[in-house]
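The values are calculated or read from the model by the stated rules, or taken from the named source; none is laboratory data. Please read all numbers here as calculations on a predicted model, not as lab measurements. Note that each Cβ is placed from the backbone with ideal geometry, even for glycine, and that neighbours are counted across all protein chains shown.
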Amino acid sequence: MIRVRARTNRRRGLDKLHRDVLVAMDEALAAADPARIIRKHLRLDGQTLRADKLRFPLKDFRRIFVIGGGKASGYMAEEVEKLVGDWITRGLVIIPDYLRPRPQGRRIKYHAATHPIPARKGMAGVLAMLDLVGNVSRDDMVIVLLSGGASALMPLPAQGMSLKDEARVTALLLKSGANIEEINTVRKHLSQVKGGRLAARLYPATVLSLIISDVVGDRIDAIASGPTAPDPTTYYDAKQVLQKYHLWQRIPNRARKVITDGLAGSIPDTPKGRDKAFRQVRNLIVGNNRESCLAAAEAMTKAGYRTQTLSIQITGEARKAGRVFGAIARDIRDNALPFTPPWALVAGGETTVTVRGKGKGGRNQELVLAAATKINGSDGVVVGSFATDGIEGQTNAAGALADGTTVMRGLKLGMYPEQYLRNNDSYHYFSKLKDLVITGPTGTNVNDITILAARR
């Protein structure tokens, strides 16, 4: 269960406008609480497990296993064990090694691994998981719990590749500006479990995958790289992504050979929609960005703002999105366009950052810094944005807050926002102003949320 609150590292000086945005962030996190989500969508009626409209008579199964991975998977599994209890035979779920408090259970074990770059701990967890379900049959059921982060937490490189190769490809993609669907298109074709290949290993057991989405548009094949979903992408698509971001010649030779062999037909592509692997698989999205955006909007409405949820599909370069958000916020405050304040806008999605500098930061911090340049000098405006997993890049922040004084306060400290943007160093900018949004690791992940608020 999530026990965190959004706060800044500023000790004082937060007015009602800032506090209202932080409270809305809290409500967004509460809506993304994995335990709450599981309780909403899963229940046990006598001997029947109900997952929304799906029904599973548990007495029909010889054994029931629980496996999975992701930032939210630990607290999902903890709640599943509370609900299903002694029906579970055994389980193993891979969680981030930084997650606190650690989930607890009797029948489900929790294996810690690294994120965002895959490492040996994650591969050891995947091998243990596959060993657990290695002899499943038609009489067995496997509950798979997936959320954002599973792509890194569950590495098992394709035959002929090393884990070091997989980690190198991941690191290059994360800095390239590629979106999550593109990144996972490549990951799926360099893995033994992603892109529906886990489902193939679980056949012919009955599989119920409960999924918390961190992908804009909730594409099941892209969330966690789709280990139990048919994969519509191909080796050709993977190569196209790598070429688009000028990475084809930079990835390790063994990774390039896997894709080349796949293109030549020497190794099979990921399983597609009509593959028998999916006959007994049911994939169910139980949590996503939409619910958190609606919760944030409701909180702003209760605080006295006329509120609109603008979009839940915001993508693109973070700084470009930030400048647009800043311009909208300023128009609301200064020109009553398109709305008359007090007004709030909520938006969700996940932007990207093409890393060219040597600074420290993340997409939300960069978005907010870009927005600050647009609202400079405008009183009564706040733009806040944060990652619901509580982690931005290699920082301890989830995001940041900016207002009309952000740029001027920075200049007094000798900081020029455009210079910090060029160096991808938004973290140090907001750290010095004490305007970082801090939650700590939340144990969930439903993309990012941006809130604009303006008063008269």
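Restricting attention to segment 103-152, which residues are crowded, with 17+ Cβ neighbours inside 10 Å, among the hydroxyl-bearing types (Ser, Thr, Tyr) and in contact (Cβ under 8 Å) with a residue 40 or more places away in the chain?
SER147, SER151, listed by residue number.
Taking the stated definitions as given, is THR395 in contact (Cβ under 8 Å) with a residue 60 or more places away in the chain, surrounded by fewer than 24 Cβ atoms within 10 Å (Cβ to Cβ), within 30 Å of PRO101 (Cα to Cα) and of a type in the set (Ser, Thr, Tyr)?
Here the answer is no, as THR395 does not meet what is asked.
Of all residues being in a helix (DSSP H, G or I) and surrounded by fewer than 22 Cβ atoms within 10 Å (Cβ to Cβ) in segment 32-58, which is farthest from the chain's Cα centre (by Cα)? Just the residue, please. Walk me through it before giving the result.
At the first step, the residues of segment 32-58 found to be in a helix (DSSP H, G or I) are 34-41, 58.
With the extra rule that they be surrounded by fewer than 22 Cβ atoms within 10 Å (Cβ to Cβ), the set shrinks to 35-36, 39-41, 58.
Details: ALA35: 17, ARG36: 17, ARG39: 21, LYS40: 20, HIS41: 20, LEU58: 31 Å.
Among those residues, the one meeting the criterion is LEU58.
Answer with yes or no whether LEU92 is closer than 20 Å to ILE143 by Cβ and either assigned to a strand (DSSP E or B) or touching a residue at least 12 places away in the same chain (Cβ under 8 Å) (or both).
Working: closer than 20 Å to ILE143 by Cβ: yes; either assigned to a strand (DSSP E or B) or touching a residue at least 12 places away in the same chain (Cβ under 8 Å) (or both): yes.
Against the criterion (closer than 20 Å to ILE143 by Cβ and either assigned to a strand (DSSP E or B) or touching a residue at least 12 places away in the same chain (Cβ under 8 Å) (or both)), LEU92 qualifies.
Report the residue count in segment 199-240 for those that are closer than 23 Å to LEU263 by Cα and within 20 Å of the chain's Cα centre (by Cα).
Residues in segment 199-240 being closer than 23 Å to LEU263 by Cα and within 20 Å of the chain's Cα centre (by Cα): 8 in total.
Output the number of residues of segment 367-389 satisfying the condition of being under 17 Å from the mean Cα position of the chain (by Cα) and either at pLDDT below 95 or acidic (Asp, Glu) (or both).
1
Of all residues in segment 115-150, count the ones that are at pLDDT below 95 and either in contact with a Lys or Arg (Cβ under 7 Å, 6 or more places away or on another chain) or of a type outside the set (Gly, Ala, Ser) (or both).
Within segment 115-150, residues that are at pLDDT below 95 and either in contact with a Lys or Arg (Cβ under 7 Å, 6 or more places away or on another chain) or of a type outside the set (Gly, Ala, Ser) (or both) number 6.
So, in segment 59-102, of the ones that are among the β-branched types (Val, Ile, Thr) and within 16 Å of the chain's Cα centre (by Cα), which residue ends up surrounded by the most Cβ atoms within 10 Å (Cβ to Cβ)? Explain how you work it out, then say what you get.
Within segment 59-102, the first condition is being among the β-branched types (Val, Ile, Thr), and the residues that meet it are 64, 66-67, 80, 84, 88-89, 93-95.
In the following step, the residues that additionally are within 16 Å of the chain's Cα centre (by Cα) were identified as 94-95.
Working: ILE94: 31, ILE95: 27.
Within segment 59-102, the match that is surrounded by the most Cβ atoms within 10 Å (Cβ to Cβ) is ILE94.
Looking at THR450, THR439, which one is within 28 Å of TYR98 (Cβ to Cβ), at pLDDT 95 or above and buried (at least 19 other Cβ atoms within 10 Å of the Cβ)?
Values: THR439 fails: at pLDDT 95 or above.
Testing whether each residue is within 28 Å of TYR98 (Cβ to Cβ), at pLDDT 95 or above and buried (at least 19 other Cβ atoms within 10 Å of the Cβ) leaves just THR450.
Rundown of residues vs (1) polar (S, T, N, Q); (2) under 18 Å from ASN424 (Cβ atoms); (3) not in a helix (DSSP H, G or I), yes/no style:
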| residue | (1), (2), (3) |
| --- | --- |
| GLY322 | no, yes, no |
| ARG333 | no, no, no |
| PRO341 | no, no, yes |
| LEU345 | no, no, yes |
| GLY348 | no, no, yes |
| ASN364 | yes, yes, no |
| LEU367 | no, yes, no |
| ALA370 | no, yes, no |
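Looking at ALA178 and the list (1) under 22 Å from TYR75 (Cβ atoms); (2) in a loop (DSSP other than H, G, I, E, B), which single condition is not satisfied?
(1)
Counting just the residues of segment 249-286 that are outside any helix (DSSP H, G or I) and hydroxyl-bearing (Ser, Thr, Tyr), which one comes out surrounded by the fewest Cβ atoms within 10 Å (Cβ to Cβ)?
Per the criteria, the residue is SER266.
If we keep just the residues of segment 349-370 that are small (Gly, Ala, Ser) and out of contact with any Lys or Arg (no Cβ under 7 Å at 6 or more places or on another chain), which is surrounded by the most Cβ atoms within 10 Å (Cβ to Cβ)? Before you say what the answer is, go through the steps one by one.
If we filter segment 349-370 for residues that are small (Gly, Ala, Ser), which is where we start, we get 349, 357, 359, 361-362, 370.
Imposing the further condition that a residue be out of contact with any Lys or Arg (no Cβ under 7 Å at 6 or more places or on another chain) reduces the set to 349, 359, 361-362.
Values: GLY349: 22, GLY359: 19, GLY361: 29, GLY362: 26.
Filtering segment 349-370 for residues that are small (Gly, Ala, Ser) and out of contact with any Lys or Arg (no Cβ under 7 Å at 6 or more places or on another chain), the one surrounded by the most Cβ atoms within 10 Å (Cβ to Cβ) comes out as GLY361.
Write out, first by first residue and then by second, each pair whose Cβ atoms fall under 6 Å of each other, whose residues are 6+ apart or on separate chains, and whose first residue, in segment 287-310, is touching a residue at least 12 places away in the same chain (Cβ under 8 Å) while the second is of a type outside the set (A, V, I, L, M) and part of a helix (DSSP H, G or I).
As it stands, the answer is ALA295/GLU27; ALA296/GLU27; ALA299/GLU27; ALA303/ASP20; THR307/THR301; THR309/CYS293, since those pairs meet every condition given.
The rows are residues; the columns are (1) in a loop (DSSP other than H, G, I, E, B); (2) closer than 24 Å to THR309 by Cα; (3) in contact (Cβ under 8 Å) with a residue 12 or more places away in the chain; (4) not assigned by TED's automatic domain parsing to the domain that holds TYR75.
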residue	(1), (2), (3), (4)
GLY377	yes, no, yes, yes
MET415	yes, no, yes, yes
PRO441	yes, no, yes, yes
VAL446	yes, yes, yes, yes
THR450	no, yes, yes, yes
